[in-house]
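Here the structure comes first, spelled out in structure tokens, and everything after it is commentary.
The values are calculated or read from the model by the stated rules, or taken from the named source; none is laboratory data. Here the structure is a predicted model, which is why all the values come from computation and not from measurement. Note: ideal-geometry Cβ built from the backbone for every residue, glycine included; neighbour counts use all protein chains shown.
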Amino acid sequence: MTEEQHPTGEPASAARPEADLSRVRTIPVGGRPNKVLAEQYASPPPADPAARSFGAFLGSLPRILQAESFLQVVDAVVRAVRAEKTVLWMLGGHVVKTGLAPVFIDLMRRGAVTHLGSNGSAAVHDYEMARWGGTSEDVEAGLADGTFGMADETGRDMNLAFRRGMEQGWGMGEALSRDLDGRDDLAYPELSLLLQSYRL
């Protein structure tokens, strides 16, 4: 039996020399700094239902990675609200199309959101939900048949609102908000970040 050949024509053993481990050094685990410690782990919720609260839930989260980042954001927002400072939230379309608008509207009413910044995707989803009660296309199917982003009313009415806004010196957010505020046929005005932020 001949030795397996590498595509270069060399024997496989020659093409893949063994790693040189002569300089590898191990260290005792007790002397190694750890990024995750046992005291950072999550804790179960209180056994007594009366002691359960959202604050208790936050306190039970692990102090690691994204959970720690989330807690830092919560603390920063609380400090800003107590100091009556600006709390600016920037969001994209997924925040709207995954159904979180009512949460943000509630936070606006409580003063935990004082300003909203969004991209065009969030504006489209918000506008469609307020007007017609549905949003978010099947992208794959829409690209295949050429209908993605081609809803007549959405493109026409949003652009008419932008044109009116440009004539009045309004930004895009104000233009869309005023457009929605002037309509009496909205399907879900209470779910619109644009409209509710304008009315607040």
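Observations, loosely collected:
- Leu143 satisfies every condition listed in (1) more than 26 Å from the chain's Cα centre (by Cα); (2) farther than 17 Å from Leu176 by Cβ except (1).
- When segment 89-118 is filtered for residues that are part of a loop (DSSP other than H, G, I, E, B), out of contact with any strand residue (DSSP E or B) (no Cβ under 8 Å at 6 or more places or on another chain) and either not assigned by TED's automatic domain parsing to the domain that holds Arg199 or not β-branched (Val, Ile, Thr) (or both), the ones remaining, listed by number, are Gly99, Leu100, Arg110, Gly111, Ala112.
- Qualifying residue in segment 109-125 (condition: loosely packed, with under 15 Cβ neighbours inside 10 Å and more than 21 Å from the chain's Cα centre (by Cα)): no
- Per the conditions (1) among the hydrophobic types (A, V, I, L, M, F, W, C); (2) in contact with a helix residue (DSSP H, G or I) (Cβ under 6 Å, 6 or more places away or on another chain); (3) farther than 15 Å from Ala187 by Cα, the sole criterion not satisfied by Met129 is (3).
- Per-region count, segment 120-163, residues aliphatic (A, V, I, L, M) and not in a helix (DSSP H, G or I): 2
- Every residue from segment 164-186 that is closer than 19 Å to Leu116 by Cα and in a helix (DSSP H, G or I): Gly165, Met172, Gly173, Glu174, Ala175, Leu176, Ser177, Arg178, Asp179, Leu180, Asp181
- Filter result (in a helix (DSSP H, G or I) and hydroxyl-bearing (Ser, Thr, Tyr)) within segment 46-74: Ser60, Ser69
- Flag if Thr154 is under 23 Å from the mean Cα position of the chain (by Cα) and hydroxyl-bearing (Ser, Thr, Tyr): no
- Here Thr86 meets each of (1) assigned to a helix (DSSP H, G or I); (2) exposed (fewer than 11 other Cβ atoms within 10 Å of the Cβ); (3) in contact with a Ser or Thr (Cβ under 9 Å, 6 or more places away or on another chain) with one exception, condition (1).
Here's the yes/no breakdown for (1) part of a helix (DSSP H, G or I); (2) at pLDDT 90 or above:
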site: Pro7; (1), (2): no, no
site: Ser13; (1), (2): yes, no
site: Val24; (1), (2): no, yes
site: Val36; (1), (2): no, no
site: Pro44; (1), (2): no, no
site: Ala76; (1), (2): yes, yes
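- Pairing each residue of segment 131-158 that is in the same structural domain as Gly120 (by TED's automatic domain parsing) with any residue that is of a type in the set (Gly, Ala, Ser), provided the two are 6+ apart or on different chains, yields C-beta distances under 6 Å for Trp132/Ala187; Gly133/Ala187; Phe148/Gly142.
- Residues in segment 187-200 that are polar (S, T, N, Q) and not in a helix (DSSP H, G or I): 1 in all.
- Residue list for segment 160-177, filter: without any contact (Cβ under 8 Å) to a residue 40 or more places away in the chain and crowded, with 18+ Cβ neighbours inside 10 Å: Ala161, Gly165, Ala175, Ser177
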